[in-house]
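The values are calculated or read from the model by the stated rules, or taken from the named source; none is laboratory data. Just so you know, these numbers come straight off a predicted model, no measurement behind them. Cβ placement follows ideal geometry from the backbone for every residue including glycine, while neighbour counts extend to all protein chains displayed. Note: accessible area is taken over every heavy atom of the protein model, side chains too, but ligands, DNA and RNA are not part of it. Shrake-Rupley method; radii C 1.70, N 1.55, O 1.52, S 1.80 Å.
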Amino acid sequence: MSEVVATQAITLSTIGVIHSPYQEKFAVPRQPGLVTAINAQLELLPPYNDPHCVRGLEEFSHLWLMFLFHENGTNEWHPTVRPPRLGGNQRVGVFASRSPFRPNPVGLSVVELKAIHQQGNRVWLELGGVDLVNGTPVIDIKPYLPFVDSLPQARGGFAPEAPVTMPVSFTEEMDIRCQKISVTHPGFKEFLQQVIAQDPRPAYRKQNDDDKIYGVRLLTFNINWQVKNGIATICAITDIG
């Protein structure tokens, strides 16, 4: 057996940064494609903002993004993790999960390419269905190839299907508030419904009612909701000061 030399450090370049409605990790969809009501943008950084870098990319409907989990807050990782899909109680190997806490904090996400924009020396990609927090550094882009990347016969292990979503309701006051916000943020109400329907609460609280009022920052707003009788009710939407 040939000797394998472990590389202690690898230098990667950030080719672009994500601008998304998710201002914090909490409530970011756990997988891509689950929330589609509002787009995100990938702004390319110099020297990768050269239009030649994306020539021909418009012919593809979807992309693979390689990115860094820049908000982990620690480089610590463990051989096993507790996936939310298993209730947060059962452990599996870190390489059998999509946990952000990995030996190398690298993520992989497939997203829809909506458009490619250029204005002056700015080049950015309009993306749909992202699961990335605002400010996420992207280290590579690859086109999605359906004939090799789509495998309907593949097994999904402990996550064979999309997660069950939770009904979301709005108080009358919040329904009116959403209508006003949608003037400047089209699709805002649908976006909130899709995000909160994923039930971003800790795994041990899922499927249960509790008295806690949860909050998250989305776009330029603080969103608050409470879960009663299996329904999440949006109870407050306030501007971020």
Of T184, T165, the only residue that is surrounded by fewer than 16 Cβ atoms within 10 Å (Cβ to Cβ), of a type in the set (V, I, T) and closer than 20 Å to I231 by Cα is T165
Taking segment 30-68 and keeping only residues that are open to solvent by 50 Å² or more (accessible area, probe 1.4 Å) and among the charged types (D, E, K, R), one is left with R30, D50, R55, E58, E59
When every residue in segment 194-214 that is under 18 Å from L132 (Cα atoms) and not hydrophobic (A, V, I, L, M, F, W, C) is compared, the one modelled with the highest pLDDT is Q194
Cβ pairs under 6 Å, 6+ apart or interchain, first in segment 22-51 and at pLDDT 95 or above and in a strand (DSSP E or B), second open to solvent by less than 50 Å² (accessible area, probe 1.4 Å) and of a type in the set (F, W, Y), ordered by first then second residue, are Q41/W124; E43/W124
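Sort out for me the strands (runs of 3 or more DSSP E) sitting completely within segment 137-241 that have 3 or more residues that are over 30 Å from Y48 (Cα atoms).
168-170, 214-218, 221-228, 231-239
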Selection from segment 107-137 of residues surrounded by 15 or more Cβ atoms within 10 Å (Cβ to Cβ), closer than 30 Å to V92 by Cα and out of contact with any Ser or Thr (no Cβ under 7 Å at 6 or more places or on another chain) yields G107, S109, V110, V111, T136
V148 vs (1) open to solvent by less than 90 Å² (accessible area, probe 1.4 Å); (2) closer than 24 Å to L45 by Cα; (3) at pLDDT 90 or above: all pass except (2)
V81 fails exactly one of (1) surrounded by 13 or more Cβ atoms within 10 Å (Cβ to Cβ); (2) under 20 Å from G16 (Cβ atoms), namely (2)
